[in-house]
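The values are calculated or read from the model by the stated rules, or taken from the named source; none is laboratory data. Bear in mind the structure is a predicted one, so any value in this text is a computation, not a measurement. As a convention, Cβ positions derive from the backbone with ideal geometry for all residues, glycine included, and neighbour counts pool all protein chains shown.
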Amino acid sequence: MSEYISTQNLHLYYGENEALKGIDLSFPDNGIHALIGPSGCGKSTYLRCLNRMNDLIPSVKITGKVAIGGDDIYGPKTDTVELRKQVGMVFQQPNPFPFSIYDNVAYGLKLGKKRDKQYLDERIETSLKQAAVWNEVKDDLDKSALSLSGGQQQRVCIARVLAVQPSVILLDEPTSALDPVSSNLIEEMLLTLRENYSCVMVTHNLQQASRISDSTSFFLDGSLVETGRTKDIFVEPQKQQTDDYLSGRFG
């Protein structure tokens, strides 16, 4: 697989505080890539560098290089609106907009000036099917997305990301606020998406990382300690800190 996402010597500062300490890390163009580590270790901060969401925080300074598909996303020609279509984001808490399921999924398409009803209908159906929620909502597309269960809301949010046909999906603990049944549905869905998307997922759930990810990267105190194939990281970690974290000695 070719290298699709790449960060080189990536540093991030919140004022004087260095939150990322020179991260060198890359991911191929498909598959699920898990970022693990204790709270405050930098994994969510790293994730948000991949679609420039940290730009929205005052006093942030970022150095180093982040390339997606060979393009330097911090270069002066980068359109951040286009970038965030290409690199979609799913958050820990489901965040549907306060309107219909249909309009939630159509939101990004309409921002992109897509107005043709047949095109919208087809993209919305396809995206809701990809997100494994079509059968539950197909007869209620005019219903408010806020009336859905938490698990359904999260899958509608994933459909909203998929509708604009991104190449990368960032997931910041996408199942931590959900019940086990909903979590399982999202894990199964991600396993079908891995064939066509680069999914980079922050998770505190080590069992989840071991079940569904192709590669795993362990962060600690703003540094990347170890990265590799998930099986290798979990079965034969090369660094003592990784072994200590995975065996529950801290975290």
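Observations
- Matching residues in the stretch 56-80 - criterion: being outside any loop (DSSP other than H, G, I, E, B) and either modelled with pLDDT of 95 or more or under 17 Å from the mean Cα position of the chain (by Cα) (or both): 60, 61, 62, 63, 64, 65, 66, 67, 68, 72, 80
- Selection of the stretch 220-251 for residues being surrounded by 20 or more Cβ atoms within 10 Å (Cβ to Cβ) and assigned to a loop (DSSP other than H, G, I, E, B) yields 222, 237.
- Check on residue 29, within 18 Å of residue 215 (Cβ to Cβ), among the acidic types (Asp, Glu) and at pLDDT below 95: yes
- Failed criterion for residue 156 (all others in (1) surrounded by fewer than 22 Cβ atoms within 10 Å (Cβ to Cβ); (2) of a type outside the set (Lys, Arg); (3) out of contact with any strand residue (DSSP E or B) (no Cβ under 7 Å at 6 or more places or on another chain) hold): (1)
- In the stretch 154-183, the residues that are among the basic types (Lys, Arg) reach residues that are crowded, with 22+ Cβ neighbours inside 10 Å and part of a loop (DSSP other than H, G, I, E, B) with C-beta atoms within less than 7 angstrom, at least six apart or across chains, in these pairs: 155/131; 155/133.
- Taking first residues from the stretch 216-241 that are at positive phi and partners that are among the aliphatic types (A, V, I, L, M) and assigned to a strand (DSSP E or B), the Cβ contacts under 9 Å between residues at least 6 apart in sequence or on separate chains come to 222/12; 222/19; 222/20; 222/23.
- Within the stretch 117-153, restricting attention to residues that are in contact (Cβ under 8 Å) with a residue 12 or more places away in the chain, charged (D, E, K, R) and part of a loop (DSSP other than H, G, I, E, B), the residue that is surrounded by the fewest Cβ atoms within 10 Å (Cβ to Cβ) is 142.
- For residue 6, the requirement of being closer than 25 Å to residue 174 by Cβ, under 16 Å from the mean Cα position of the chain (by Cα), free of Cβ contacts under 8 Å to residues at least 24 places away in the same chain and part of a strand (DSSP E or B) is not met.
- Exactly one residue out of 117, 113 is at pLDDT below 95 and either under 20 Å from residue 84 (Cβ atoms) or among the β-branched types (Val, Ile, Thr) (or both), and it is 113.
- Screening the stretch 1-42 for residues that are β-branched (Val, Ile, Thr) and farther than 16 Å from residue 226 by Cα and picking the one that is surrounded by the fewest Cβ atoms within 10 Å (Cβ to Cβ) gives 5.
- Considering (1) touching a residue at least 24 places away in the same chain (Cβ under 8 Å); (2) touching a Leu at 6+ places or on another chain (Cβ under 7 Å), the lone condition that residue 114 does not fulfil carries the number (1).
- Residue among 105, 90 that alone is in contact with a Pro (Cβ under 7 Å, 6 or more places away or on another chain) and either of a type in the set (Gly, Ala, Ser) or surrounded by 15 or more Cβ atoms within 10 Å (Cβ to Cβ) (or both): 90
- Residues of the stretch 207-219 that turn out to be in a helix (DSSP H, G or I) and either small (Gly, Ala, Ser) or surrounded by fewer than 17 Cβ atoms within 10 Å (Cβ to Cβ) (or both), as a count: 4
- So residue 187, is it of a type outside the set (Ser, Thr, Tyr), assigned to a helix (DSSP H, G or I) and under 17 Å from the mean Cα position of the chain (by Cα): yes
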